[in-house]
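S.K.: Handing you this structure, nothing more for now.
The values are calculated or read from the model by the stated rules, or taken from the named source; none is laboratory data. Small disclaimer: the values here were computed from a predicted structure and weren't measured. Positions of Cβ are backbone-derived with ideal geometry, glycine not excepted, and every protein chain shown enters the neighbour counts.
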Amino acid sequence: MMRTKLHSFLLFGLALGLGGLGWVFFSQNDVAARNTTIESSSDGIVQGAQNDWLYGGVNTAAPVVLPYGGYQPLRHASAGALAVPDAHASLILDVDSGTILHYANGRERRSIASLTKLMTALVVIDTMANLDAPVTITREALAVDGTVVGCPRAGYCIDGRLFVGEQMRVRDLLAAMLMNSTNDAATALAIHVGGSQQEFVARMNARAEELGLRDTHFCTPSGLDIDGQEHICYSTAYDIARVAAHLLTYPAYAIVWETMQREEATIADIGGTRTHRILNTDELLGRMDGLLGAKTGFTPQAGRSLLLAATDPSGTHKIIAVLMDDPYRWRDVQEMIAWAFQSYEWQ
């Protein structure tokens, strides 16, 4: 994809720790101001600095050129620190500059459950030029555990399930996957796009490598772990925030955020003879100003996780907040967003 805006005054920074975490870049006008707010974590991430940002990846030998207009988030001198004690990991990322505004255990590898579906959506959209193309539902897709079309929670159904041989549009399966986090929709898309779940997951991991995600390895398109192999299914708050930022940066992925803005939807098969009601798992829709979209995740292994994107009142500056294994994720994410926009200004 073409980078349409170039930031022309970036300085080449030093590589961070942990085997060369990546390059750090600063605007010439920001270096002095940032010196009072930059904080280094134990795993090499620098809070308040542009880290190994996805535009160009972490392994590039030359300075990364960022496709944004030059705004930098600067933390107020009077701003207090943010603590999210109930979360195993938490992170806030400024989308356009790649600056980390808050960071706690953001590179610890762990199961991310259905946050995985953001990468599934990315690969599907990258591959499918026609989102109205039919997808034939297979027995394999319907064999998955957990949330499925028609049943917004395991054991609680509000409508009919998909059936073998039913044909659904790509965009409608994306809606079911992103809004209601259905595992059968994610699996059906993966089989359709990749030919098999295994091939699709290989594409997910290849795409993760292209984006420079060093601490990510996907196992399934749904985010369900593989029994006995849970240790090889992982990502981090930092990496999945970067996936979401990529989805926010390029217009081709606008459908992801448009879909996540819908409180509910009714999807139909290709023939229009059978419909399925879809609900959104986002508890803050209609209640939070500036909300761009949210993706939930839960398994016993991962706990309750959440990724949420929001914009400031001007609609100019977008941030992403991620919580891993937080039983109070909806309360905490609101505090995180409020803190970020109160503690930083963009110049």
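S.K.: Counting residues that are more than 28 Å from PRO251 (Cβ to Cβ), which helices (runs of 4 or more DSSP H) fully inside segment 105-191 reach at least 3?
M.R.: 139-142
S.K.: Could you check, for segment 171-188, whether at least one of its residues is surrounded by fewer than 22 Cβ atoms within 10 Å (Cβ to Cβ) and not hydrophobic (A, V, I, L, M, F, W, C)?
M.R.: Checked against the condition, which is being surrounded by fewer than 22 Cβ atoms within 10 Å (Cβ to Cβ) and not hydrophobic (A, V, I, L, M, F, W, C), segment 171-188 yields at least one hit.
S.K.: When only residues in segment 205-253 that are in a loop (DSSP other than H, G, I, E, B) and of a type in the set (S, T, N, Q) count, which is surrounded by the fewest Cβ atoms within 10 Å (Cβ to Cβ)?
M.R.: Among residues in segment 205-253 that are in a loop (DSSP other than H, G, I, E, B) and of a type in the set (S, T, N, Q), the one surrounded by the fewest Cβ atoms within 10 Å (Cβ to Cβ) is GLN229.
S.K.: SER305: more than 15 Å from the chain's Cα centre (by Cα) and farther than 15 Å from ARG287 by Cα, yes or no?
M.R.: no
S.K.: Considering segment 313-347 alone, what residues qualify as being acidic (Asp, Glu) and either out of contact with any helix residue (DSSP H, G or I) (no Cβ under 8 Å at 6 or more places or on another chain) or at pLDDT below 95 (or both)?
M.R.: Selection gives ASP325, ASP332, GLU335, GLU345.
S.K.: Only residues that are out of contact with any strand residue (DSSP E or B) (no Cβ under 6 Å at 6 or more places or on another chain) and within 21 Å of ASP145 (Cβ to Cβ): list them for segment 281-299, please.
M.R.: THR299
S.K.: Right, here's the next one. Using the structure shown, decide if SER97 is closer than 21 Å to GLN342 by Cβ and part of a strand (DSSP E or B).
M.R.: No: the conditions fail for SER97.
S.K.: Something else: With the requirement that a residue be more than 17 Å from ARG110 (Cβ to Cβ) and charged (D, E, K, R), what does segment 228-274 give you?
M.R.: GLU258, ARG262, GLU263, GLU264, ASP269, ARG274
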